[in-house]
Amino acid sequence: MRELLLERKAKNLLNDFGTGGHEPGSGSAAAYAGSLAAQLICNVIDLTEKYKKRSKTYLAHIDQFLNYREILKVTILPRLNQLTEEDSIQFDKVIIARNARDEERNSKKKEALALLADRELRVATELPISIARYAYNVGRMAAEVFDYGYRGARGESAEGVCFSATVMLSCLFIIEANLQKLPVDEWTDKILAQKKKIENQQEELDKMGKERYLIIREETENHYFYERMVQKFRAGNLSDGIKTDKQLELLVTDLHELLWTNKKKIWKNNSSGITNFIHVLRPHEVLENLMNYSFAQKDSLGIHHEGKEAFEVAGLIDKKRRIVLISRQFPVETMRFTAAHELGHAILHRGAILHRDRGIDGSKIQRDPMEIQADKFAALFLMPGELVREIFQDIFEVPVFIINENTVFQLGAGSVQGFRDKCGNLIGLARELATVKRYGGKSITPLASLFGVSEKAMAIRLIELGLIRY
């Protein structure tokens, strides 16, 4: 009694496909590959169901996927398994009929056997058409599961798409080869029409597979870029290549782009709270999530003495142990600026330094060049130029604020001269605009509050960006 193909051990079945005989053949191989694709998709659906609570996307699609799994297990897989056996048996019938035809010497009997061989070949040709139809359905399901199913098994989903496309192409090869051996009639016209439909569907699946490969490839390229950039920042010595403020600004812009583009990777399960660009400007979270530093706030970091001078320590960075500490002895805005200052040290300044910083808020006082650079980094990080300009223009409806009758009226600040006297100078005007809560009859979030910095730091940044004239 013939042993069923799918009941044979995998190694034996593989050997059977390579024994040089006609059975099992390419049709059975195609059906078997289709079954493998279907099983892979069932597995991904199982994983999606298992981890459905991890993702809103999984939850949104799981019911559809479970329906697919039911179709695959109840209808498609049993039929493909059956076709694996049927194709092998049917092609054996074709070979037997052909051999009988070739061995027959009686012309009438030979003609009858030839017709029998053609009939058997027609049946054998219809089987790969059935296989291709099932493979197309599997491939469509696989593409959807790739897009919305368990991401950790997208390799299997992609294989489901690609296997299905390959199965369909294999079936087309079989159909073409068989048609070359058959006479042309209404049946062949019908088969040619079905073949054309399969060709279109196969091209569709092939395109789906390539599109999803490009998605994976782009993700790989982004991952490679991300890892390279992370290594660059974590090296902690980027000050060596920075000679100008413009170069420092470009470096901070690269950091901003890295944070925004990879917010889901960096903030992981908390990325849902990152809804606008300002939300990535969180220095303590960047220290923890990107730079692998331990970050903590302390009630006090003590008094530090430098020669005859003593000051309350606002921040501390230990690069060797990758620790940053911030003192609560200062206003929240100063603590935030200090954290950004320490982030600057972590990224810019080489060496296993243990460094204590005084309270800083972006003001320019006579300091060590390394400290000035860390201050500049903090200002650029917390108040990105492009974003400040955009929000400033959105609030004040001008690219550069000038004191005139219109702007003073929009501020509700009385007379032009009275407002000018109130400000006193450029820094005074900058402080006013950094903290203004209403403009043009509308309530607004003050710029200093929006960016989480002190009034002085915001004012200095507005002047640096050339956004105001006194």
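Here are a few things to note about the model shown:
- Number of the exception - residue 331 against (1) closer than 30 Å to residue 223 by Cα; (2) in contact (Cβ under 8 Å) with a residue 40 or more places away in the chain; (3) not charged (D, E, K, R): (1)
- Residues that are surrounded by fewer than 19 Cβ atoms within 10 Å (Cβ to Cβ) and in contact with a helix residue (DSSP H, G or I) (Cβ under 8 Å, 6 or more places away or on another chain) within the range 78-90 comprise 81, 85, listed in sequence order.
- Residue check for residue 206: open to solvent by 70 Å² or more (accessible area, probe 1.4 Å), out of contact with any Lys or Arg (no Cβ under 6 Å at 6 or more places or on another chain) and of a type in the set (D, E, K, R): no
- Comparison of 72, 59, 40 shows that the only residue that is under 19 Å from residue 143 (Cα atoms), part of a helix (DSSP H, G or I) and open to solvent by 80 Å² or more (accessible area, probe 1.4 Å) is 59.
- Selection within the range 439-461 - more than 13 Å from residue 392 (Cα to Cα) and of a type in the set (D, E, K, R): 442, 455, 456
- Residue within the range 91-110 that is open to solvent by less than 30 Å² (accessible area, probe 1.4 Å), at pLDDT below 95 and not hydroxyl-bearing (Ser, Thr, Tyr) present: yes
- Taken over the range 45-56, the criterion of being open to solvent by less than 40 Å² (accessible area, probe 1.4 Å) and either within 13 Å of residue 157 (Cβ to Cβ) or among the aromatic types (Phe, Trp, Tyr) (or both) is satisfied by 45, 48.
- The lone exception for residue 311 - which of (1) open to solvent by less than 40 Å² (accessible area, probe 1.4 Å); (2) in contact with a helix residue (DSSP H, G or I) (Cβ under 8 Å, 6 or more places away or on another chain) it fails: (2)
- Subset tally (residues that are open to solvent by less than 20 Å² (accessible area, probe 1.4 Å), part of a loop (DSSP other than H, G, I, E, B) and farther than 26 Å from residue 330 by Cα) for the range 434-470: 1
- Screening the candidates 274, 215, 266, 242 for the property of being surrounded by 12 or more Cβ atoms within 10 Å (Cβ to Cβ), out of contact with any strand residue (DSSP E or B) (no Cβ under 8 Å at 6 or more places or on another chain) and more than 22 Å from residue 347 (Cβ to Cβ) yields one hit, 215.
The values are calculated or read from the model by the stated rules, or taken from the named source; none is laboratory data. All values reported here derive from a predicted model rather than from experimental measurement. Positions of Cβ are backbone-derived with ideal geometry, glycine not excepted, and every protein chain shown enters the neighbour counts. Just so you know, the surface numbers come from the protein's heavy atoms only, side chains and all, with ligands and any DNA or RNA stripped out. Shrake-Rupley method; radii C 1.70, N 1.55, O 1.52, S 1.80 Å.
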